[in-house]
1. What is the extension gain from CYS96 to GLU34, computed as 0.36 nm multiplied by their sequence separation minus the C-alpha to C-alpha distance, in nm to one decimal?
2. So, counting K/R as plus one and D/E as minus one, what does the shell of residues with Cβ under 12 Å around VAL55 add up to?
3. List the residue ranges in the chain for DSSP H helices whose C-alpha atoms run 15 angstrom or more along the long axis and whose Kyte-Doolittle average is 1.6 or above.
4. To the nearest 20 Debye, how big is the dipole of the chain about its Cα centre, given +1 on the beta carbon of each Lys and Arg and -1 on that of each Asp and Glu?
5. Given an 8 Å cut-off on Cα distances and at least 6 residues of separation, report the relative contact order of the chain as a percent.
6. Per residue, how large is the accessible surface of region 13-82? Use a 1.4 angstrom probe and give square angstrom.
7. For Rg/Rh (Cα atoms, Kirkwood Rh), several values are listed as (i) 0.99; (ii) 0.94; (iii) 0.92; flag the one computed from this structure.
8. How large is the translational diffusion coefficient of region 53-116 in µm² per second when you combine the Kirkwood radius over alpha carbon pairs with Stokes-Einstein at 25 °C and 0.890 mPa s?
Amino acid sequence: MADLFRVHTEPTVNVIEMKLPEFLDSTEFDRLNESLLGLFDAKGPKGWVIDLTSVQYMGSAMLGMMVNFRQRVQSIKGRLVLCGVSPRLGEIIRTCCMDRLFPIAKTRAEAIKLAK
């Protein structure tokens, strides 16, 4: 799964750099979902940033996984912010009305500030 995302932990925020292909088979999707949900640590920072700079497309399953991840972040009283959203991906997010669920920052630095 290391090739699909990379995590950096900063003092107050966890940053996930997503690198998704346009298609994931069900086995890859399940492994990615388990890996992402396995990132939560009670001692770690509660702020999360998902950097989507390298992602051009997300299907419904990935969007659903993002909602599940958001719920997990909220369950620990944390905050999740997206950044690096391409115009194509932004259109998908808006079409699904998910822009109401996720704060979207233009830059990673801005997202880190918002997620603290």
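The values are calculated or read from the model by the stated rules, or taken from the named source; none is laboratory data. What you see is a predicted model; the values in this text were computed from it and never measured. Positions of Cβ are backbone-derived with ideal geometry, glycine not excepted, and every protein chain shown enters the neighbour counts. Ligands, DNA and RNA are stripped out before the accessible areas are found, and what is left, the full protein with its side chains, is counted by its heavy atoms. Shrake-Rupley method; radii C 1.70, N 1.55, O 1.52, S 1.80 Å.
1. 19.9 nm is the gain from fully extending CYS96 to GLU34.
2. -1
3. Taking the DSSP H segments of the chain (at least 15 Å long, mean hydropathy at least 1.6), we get none.
4. Values: 16 positive and 13 negative charges, 134 e Å.
Roughly 640 debye, rounded to the nearest 20.
5. Relative contact order for the chain comes out at 27 percent.
6. On a per-residue basis, region 13-82 sits at 50 Å².
7. (iii)
8. Numbers: Rh = 12.1 Å.
D = 203 µm²/s.
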